[in-house]
Structure formats: C-alpha cells, structure tokens
Amino acid sequence: MSFPHLKALMVRGYYPPPPPGAFPALTHLHLAGNHSPSGVPTALARACPALTHLRMVGLRRAPAFARELGAVLTAERRDKDAFPARLLSVVLETEPPALQARGGRVAQLRDEEMREELWTLKSWAAEKRDGAPRVEVLDAFEEMDVQKMKMEWLDMVSV
C-alpha cells in the first residue's frame, strides 16, 4: 500500500519494513515498539525519499540494526540505500542501562555493542557537520503511551 501524500507518521508496536516508494512525501517518522528493527533503515531509505526527521524509541539488543543504520546514514547520497540528503535529524532512544541488566550477560553484551555503534554514529555526524544529519542517542527511554504520542504528533503536524 502506498501513501503518496502522507507527511507525518507515528507507529507504536511492531512495524514491518515498508516497501520502496510507499511514503514519497513523508517528512517526519516516529517509530516505537520494535526493539530490534533490522532491515528497517535500508527500507526507510527506499520508501521515504523526503524524510527529514526520524525518531526511533525503545531500541535494545540491536547491534545489527545499529550497524545497518550507520551504513545507510554514511552511504554516498547517490546510493539507492542512502537516506536522502535532506535528512536533518535522527533521534534514537534506547533502554537505560539499569533496565538492560535484567536480560542476562549476553543481552548486556548485545546492548553494549549496540550502544557503542550508535555513539560512533553520533560522533561521525558531529565531526562531519555539513551534509550529515544531527544524531542524538538518548538513554531516556520511557514507555510511550498513546496520549503522549498523540500530543507529539499534533505538535509535529502543526509546524
């Protein structure tokens, strides 16, 4: 299914990668609830050529996702798997370290690896400055309720 005129979208819960060209006018995307969204960065680069703001909440134990996001963000802009040059902001919220500890040692290691990849990506964006989106990595994940998402969405579409 294609949504050619949709400009802002918020999804809470599991979300599959969108097909190429599904959201040609989408500028703001907020995804919450898929803890390890491997395949999503590449799909978003192909599905959302007008994307300017991306926010992903609730990431955990996702080093493969972090590496894929880095590859898509650092790819040459002419590459079909690169985010559009107009991408201005990427905000990634992970579970705080206190919550990550509950998953055992293997889970902790995967979280540490993901976090290291994301911080490397943040440093790359800060050093590059021109042409790179602003990348924020936050350990302030809180379960987002529907009312809070609705308020953020209303703020987003009123701009």
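Solvent-accessible area per residue in the range 1-49 equals 46 Å², computed with a 1.4 angstrom probe and all protein chains kept.
Counting heavy atoms of the protein chains alone, Glu112 has an accessible area of about 100 Å² for a 1.4 Å probe.
The spacing between the range 105-126 and the range 20-60, judged by their C-alpha centroids, is 19 Å.
Between the amide H of Val57 and those of Leu31, Ala32, Gly33, Glu93, distances stay under 5 Å, these residues lying 5 or more places away or on another chain, with hydrogens modeled in the peptide plane. Remark: spin-label model distance Met151-Ser38 equals 3.7 nm, labels positioned 7 Å along the Cα→Cβ axis. Taking label points 7 Å from Cα along the Cα-to-Cβ direction, Ala75 and Glu127 give a separation of 2.2 nm. Between Tyr15 and Asp139, full extension at 0.36 nm per residue minus the direct alpha carbon distance yields a gain of 42.5 nm.
Here the range 1-66 exposes an accessible surface that is 65 percent carbon and sulfur, computed with a 1.4 Å probe and the other protein chains kept in place. Only protein heavy atoms count here; on that basis, with a 1.4 Å probe, Asp81 has an accessible area of about 40 Å².
The values are calculated or read from the model by the stated rules, or taken from the named source; none is laboratory data. Quantities reported herein were computed from a predicted structural model and do not represent experimental measurements. Every residue, glycine among them, receives a Cβ derived from its backbone with ideal geometry; neighbour counts consider all protein chains shown. Surface areas here come from the heavy atoms of the whole protein model, side chains and all, with no ligands, DNA or RNA. Shrake-Rupley method; radii C 1.70, N 1.55, O 1.52, S 1.80 Å.
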